[in-house]
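S.K.: Below: one structure in structure tokens.
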Amino acid sequence: MQFTSYGHSDVGFVREKNEDSLLLDDEKGIFCVADGVGGLPFGDLASRLAVKFFAALVHDSDDCSTIEELRQISSLIHKDIVDCGQLVGGENGIATTFSAVRLLSDKFIFSHVGDSLIFLNQGSGFQKISKCHTLGDELIDKHGPEAANDMPEHYMHTLTRCMGQDIDFEVDLGEHQANRGDQILICSDGVKNMLELDEIDELGSTLDSKEFVHALIDSANQKGGVDNSTAVSIRIS
């Protein structure tokens, strides 16, 4: 499979430090965005550990070729972050979102937990292929879009699942065919909360991976830059 990839992260205009991390390893075919969970200490450490553990646990381009292997690796990353969190974060520990893609010869598999997102464009615009694990999104799934009308705003930012907390842990997993012309986007909530899907489509339709990523982050900053913004783009050719 031939592809080009690019990723970048920006602190934005409001936060004092960047708690997002990203991974691009073209040789192994692994890509990831992680975002340290607000309200807990050492978010930057949690996200860095997630991507570093992922890189270390996928040993080469032949490793992690099935959904079950990706599930096992994700669980190991979670356990390692829990263990590190107990050392540095006290009883509250540390936590991060985790959205990872593993490119294979004719498809890709993904692992996801939290409110960073994975999008796929197969010629008809970007579509979400991962689900936000927030209280607000769960209520909307259960009761319909009208549930958002009377919902406190912070519900849309309250995570129900993440990596690193010593609770019942489960990642969402998926598999998609990869075809020439497809584009995969992984981004933190600092991007997806600031941009509408049609804005992402417009930028992605005309720009190469590097230009696209910078345009997404620049647009998020132009709208206030209230959070760290991170994006990884993969174009298959």
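The values are calculated or read from the model by the stated rules, or taken from the named source; none is laboratory data. Small disclaimer: the values here were computed from a predicted structure and weren't measured. Note that each Cβ is placed from the backbone with ideal geometry, even for glycine, and that neighbours are counted across all protein chains shown.
S.K.: Please work out if Val51 is surrounded by 16 or more Cβ atoms within 10 Å (Cβ to Cβ), among the β-branched types (Val, Ile, Thr), in contact with a Ser or Thr (Cβ under 9 Å, 6 or more places away or on another chain) and within 25 Å of Asn221 (Cα to Cα).
M.R.: Yes.
S.K.: All but one of (1) of a type in the set (Lys, Arg); (2) touching a residue at least 24 places away in the same chain (Cβ under 8 Å); (3) in a helix (DSSP H, G or I) hold for Lys142, so report the exception by its number.
M.R.: Single failed check for Lys142: (2).
S.K.: Looking only at the range 45-64, which residues are among the hydrophobic types (A, V, I, L, M, F, W, C) and part of a loop (DSSP other than H, G, I, E, B)?
M.R.: Listed by number, the residues that qualify are Val58, Cys64.
S.K.: If you don't mind, another one. Please count how many residues of the range 97-139 are hydroxyl-bearing (Ser, Thr, Tyr), in contact with a strand residue (DSSP E or B) (Cβ under 7 Å, 6 or more places away or on another chain) and in contact (Cβ under 8 Å) with a residue 60 or more places away in the chain.
M.R.: So the answer is 4.
S.K.: A further question on this structure: Does Leu23 satisfy being among the aliphatic types (A, V, I, L, M) and assigned to a helix (DSSP H, G or I)?
M.R.: The answer is no for Leu23.
S.K.: Another question, then. Can you say whether Ile140 is surrounded by 18 or more Cβ atoms within 10 Å (Cβ to Cβ), out of contact with any Pro (no Cβ under 8 Å at 6 or more places or on another chain), under 26 Å from Glu27 (Cα atoms) and not aromatic (Phe, Trp, Tyr), as far as the supplied structure shows? Even if it seems obvious, please write down each step before you answer.
M.R.: Values: surrounded by 18 or more Cβ atoms within 10 Å (Cβ to Cβ): yes; out of contact with any Pro (no Cβ under 8 Å at 6 or more places or on another chain): yes; under 26 Å from Glu27 (Cα atoms): no; not aromatic (Phe, Trp, Tyr): yes.
For Ile140, the condition - surrounded by 18 or more Cβ atoms within 10 Å (Cβ to Cβ), out of contact with any Pro (no Cβ under 8 Å at 6 or more places or on another chain), under 26 Å from Glu27 (Cα atoms) and not aromatic (Phe, Trp, Tyr) - is not met.
S.K.: Continuing with the same structure: Among the residues of the range 28-44, is any free of Cβ contacts under 8 Å to residues at least 60 places away in the same chain and assigned to a helix (DSSP H, G or I)?
M.R.: Scanning the range 28-44, I find at least one residue that is free of Cβ contacts under 8 Å to residues at least 60 places away in the same chain and assigned to a helix (DSSP H, G or I), so the answer is yes.
S.K.: What are the pairs, 6+ residues apart or on separate chains, where a residue within the range 217-237 that is closer than 16 Å to Asp20 by Cβ and in contact (Cβ under 8 Å) with a residue 40 or more places away in the chain has its Cβ under 6 Å from a residue that is assigned to a strand (DSSP E or B) and acidic (Asp, Glu)?
M.R.: Ile217/Asp10; Asn228/Asp20; Ser229/Asp10; Thr230/Asp20
S.K.: Could you tell me which residue of the range 81-97 is surrounded by the most Cβ atoms within 10 Å (Cβ to Cβ), considering only residues that are at pLDDT 95 or above and among the polar types (S, T, N, Q)?
M.R.: Residue satisfying both the conditions and the ranking: Thr96.
S.K.: Hey, can you tell me all the residues within the range 78-93 that are aliphatic (A, V, I, L, M) and under 23 Å from Leu173 (Cα atoms)?
M.R.: Ile81, Val82
S.K.: May I pose another question? When you check Gly7 against the structure, is it within 18 Å of the chain's Cα centre (by Cα), over 21 Å from Leu185 (Cα atoms) and outside any helix (DSSP H, G or I), yes or no?
M.R.: Against the criterion (within 18 Å of the chain's Cα centre (by Cα), over 21 Å from Leu185 (Cα atoms) and outside any helix (DSSP H, G or I)), Gly7 does not qualify.
S.K.: With the condition kept exactly as written, say whether any residue in the range 65-83 is under 28 Å from Val11 (Cα atoms), touching a Leu at 6+ places or on another chain (Cβ under 6 Å) and part of a helix (DSSP H, G or I).
M.R.: Yes; the residues of the range 65-83 include at least one that is under 28 Å from Val11 (Cα atoms), touching a Leu at 6+ places or on another chain (Cβ under 6 Å) and part of a helix (DSSP H, G or I).
S.K.: It is to be established whether one or more residues within the range 24-46 are within 21 Å of Leu104 (Cα to Cα), hydrophobic (A, V, I, L, M, F, W, C) and surrounded by fewer than 22 Cβ atoms within 10 Å (Cβ to Cβ).
M.R.: Looking for residues that are within 21 Å of Leu104 (Cα to Cα), hydrophobic (A, V, I, L, M, F, W, C) and surrounded by fewer than 22 Cβ atoms within 10 Å (Cβ to Cβ), one finds at least one in the range 24-46, hence yes.
S.K.: I'd like the full set of residues that are more than 15 Å from Val82 (Cα to Cα) and without any contact (Cβ under 8 Å) to a residue 60 or more places away in the chain, limited to the range 159-179.
M.R.: Residues satisfying the conditions are Thr160, Asn179.
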